[in-house]
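Reading through the structure tokens given below for one structure.
Rule-based calculations on the coordinates, nothing more; no lab input. The structure displayed is predicted, hence computed values, not measured ones. Glycine also receives a Cβ, built like all others from the backbone with ideal geometry; neighbour counts cover every protein chain displayed.
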Amino acid sequence: MQSDTERQELRRAIKEAATSQDAATAVGVARKLLATSSKPADVMFCASSFTALGDALVSQLQARRLKTHIVRSVTIEPILPSLTTEAVLSNYVLDLNIGGYGSYVDELLNPLSALAKFKPDLVFILLDLEDIAGRLPDLCADGIGNAVEAEIEESVTRIAQLLGNFRSGSSARILFQGCVVPDQTSLGDVGEANLPHSLTNAVYQLNQKLAALCRSVSDCVFFDVDHLAARHGRASWRDARMFLASRLPVASACFGAYSRGLVRSFSPLFRAPRKVLCTDLDNTLWGGVLGEEGPEGIATGSAFPGNCYLDYQRYLKQLSSRGILLAIVSKNNDADVRDAFQIRAADLGLTLSNFVATKISWNEKATSIRELAEELSLGLDSFVFVDDNPVECEAIRQQLPEVAVIAAPVEEPWKLVELLSSQPFFDAAVVTDDDVNRLNEYKAQAQRAELANTAGDRDEFLASLEIVCTFLSALDAPLARSVQLLAKTNQFNLTTRRHSTADVEEFASAAGGQAIAVRVRDRFGDAGVVGLALARTEGDTCSIDSLLLSCRVIGRGIETALLAHLGANAIRAGAIRLVGEFIPTKKNAPCADFYLDHGFVKDPSSRDASPDSIFYQLDLTTAAPESPKWLTLEGNESNEFSASAVVAS
């Protein structure tokens with residue numbers, strides 16, 4: 001607990017940082033202040049300071065600025081300082097526009113509403129139970145609930161109409177908030193638990209149907225506020241007096257938790273999850289120090305405290321099942337570790353085969369993580385590091401600031417799973433087949449690397465892989481995978497435009513538009529959908545908006561095949577010129593010369609684009625790109641990606 005003197009010193013430091021426009025210092029000190037203080041005055045002070053630092057946060061910390069409109073049927077104003085603050089701590093700057101109280105129907109339906117004119121990047125739809133399904137409490141009161149099902153269906157249908165109408169005129173991302181189960185009802189605890197049509201069961205069912213509805217709407221996420229309320233205690237989640245007096249839906253003590261929940265829920269709409277969890281072994285994956293206690297002496301298994309570590313192991317295996325890659329980074333003897341996994345196999349929730357890589361040596365852990373990043377062709381910002389040693393944790397924070405660090409609570413090992421799951425590192429609103437297959441694909445990549453070492457030359461090696469490229473519409477990739485690639489591909493991404501689902505649909509359906517995905521497989525396995533191209537032909541020119549490829553398959557000629565397929569479609573659409581655009585970033589240097597390497601020349605003409613954009617053009621009548629001879633191509637050779645084909649399908 002901070003003393004008032006310490007609090008004032010921290011506030012003074014934040015004020016000085018804000019005055020000098022030092023965003024990093026302001027955010028760092030604010031974290032310290034808010035870590036032990038939830039006083040409204042401190043939260044409001046931080047929010048005010050962050051508002052003054054808006055531009056600096058974007059330019060210095062690369063915070064994402066989002067025009068955000070709040071559609072509501074409740075009072076939200078007292079919560080806004082917490083929301084502003086929590087957004088900045090997650091590296092977002094929210095330019096907030098608050099809709100009229102209770103005017104949500106007009107805002108979502110009226111094309112001339114304040115919401116429509118604001119043209120937001122993000123929309124929060126925050127409605128209360130009585131505004132979504134107001135008859136439910138009375139219909140559930142007798143416990144029989146003859147009309148409950150119909151009321152739920154009618155309520156979901158009304159919301160579907162509102163969301164559908166708004167989506168037809170806007171590509172903004174949407175967060176739709178569910179309903180909180182009331183803590184007190186006339187049926188009492190026994191009735192709520194046993195009667196099939198209790199209000200508790202009805203709200204659960206309503207929330208499930210609303211979540212399903214959100215999954216059917218592009219770029220829309222469901223915010224399960226009831227789950228959050230249950231975690232913090234429904235009895236204290238809402239202040240009844242304040243709700244009845246002013247329609248404030250959350251008690252002041254829960255403003256921070258509620259705001260964090262909102263930010264965590266919308267983040268998957270704008271950020272890809274991290275991909276790799278690197279775990280230490282001693283006092284992290286198991287209890288004790290292997291080198292001192294031997295395989296029989298480490299703590300793991302069904303008895304306490306070993307079951308604390310077994311829970312962590314099982315949690316890691318669950319992460320792996322949806323595509324999060326696991327790696328070991330440990331200062332140990334490799335042979336000892338392998339013996340431990342063999343001797344204690346019955347007491348461990350993981351085997352070495354669950355890990356994509358192991359770095360078990362006496363090297364510095366920062367070196368090991370850098371090697372992993374290079375071997376996996378992933379950026380350091382894809383990594384999470386878990387270790388019990390505070391010195392090792394601090395070394396990674398300082399040497400590899402892009403890596404997220406979790407300090408394992410060695411004195412309270414039962415808290416590690418809770419600590420890890422409370423972080424948003426691996427949050428994803430969508431999980432695709434390609435995610436689930438990621439571990440197998442990286443293991444196949446290791447087999448390819450081994451083959452490459454024995455091949456005579458590059459062409460011989462690539463031909464021996466027996467690579468097959470299948471081209472398909474980005475809408476059938478499926479669409480969620482196409483948007484996921486746009487969100488998370490950095491190294492081979494020529495423009496790094498993070499297009500939404502609606503944007504991809506527009507490219508696929510517009511006259512002259514192309515939205516092409518490519519799936520790749522070879523003798524070692526199916527890499528899944530790994531590439532995407534978005535383009536539009538107008539007159540005799542086809543302009544490439546986005547062309548990107550997963551780093552896992554760079555260098556096999558697949559990028560050339562994708563360009564050639566796009567060019568062939570452009571020729572069939574009447575184009576004689578292909579225009580490519582490159583926007584340099586900190587991460588996409590590997591594709592800086594892509595267009596030059598494929599015969600394009602720099603285009604000096606001025607175009608309406610990013611000031612950093614570099615344009616290239618290719619004469620399709622004399623130098624159309626061709627796919628490498630070692631690739632087998634699949635997919636309809638007609639322009640199946642045109643607007644007419646999409647309409648026909």
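Tabulated results
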quantity: Order of 270, 383, 600 - criterion: other Cβ atoms within 10 Å of each residue's Cβ, fewest first; calculated: 270, 600, 383
quantity: Percent antiparallel among DSSP beta bridges (both partners in the chain, rounded to 5); calculated: 45 percent
quantity: The range 276-421: relative contact order in percent, alpha carbon pairs under 8 Å with at least 6 residues between; calculated: 27 percent
quantity: Eligible lysines near residue 15 by straight Cα distance, threshold 23 Å, same-chain separation 8 or greater; calculated: 32, 39
quantity: Quarter of the Cα convex hull surface for the range 276-421, i.e. its orientation-mean projected area (nm²); calculated: 7.8 nm²
quantity: Expected 222 nm ellipticity per residue - DSSP helices of 4 or more, -39500 (n - 2.57), all of the chain, to 500; calculated: -13000 deg cm²/dmol
quantity: Relative contact order (%) - the range 64-269, alpha-carbon pairs under 8 angstrom, separation at least six; calculated: 24 percent
quantity: Footprinting exposure proxy for 414, 362 (fewest neighbouring C-beta atoms within 10 Å first); calculated: 362, 414
quantity: Order of 410, 27, 329 under a 10 Å beta carbon neighbour criterion, fewest first; calculated: 410, 27, 329
quantity: In Å, descending, principal axis extents of the Cα set of the chain; calculated: 76, 71, 59
quantity: For the range 345-473, Kirkwood radius (reciprocal of mean inverse C-alpha pair distance, Å); calculated: 17.9 Å
quantity: Linear extension gain, residue 216 paired with residue 149, 0.36 nm per residue minus alpha-carbon span; calculated: 22.1 nm
quantity: Cα-based reach from residue 117 at 25 Å (exclusive), listing lysines while leaving out same-chain residues under 8 positions away; calculated: 67
quantity: Descending semi-axes in whole angstrom, ellipsoid equivalent of the range 1-62, from the Cα gyration tensor; calculated: 20, 10, 10
quantity: Relative contact order for the chain, counting Cα pairs under 8 Å that sit 6 or more residues apart, in percent; calculated: 8 percent
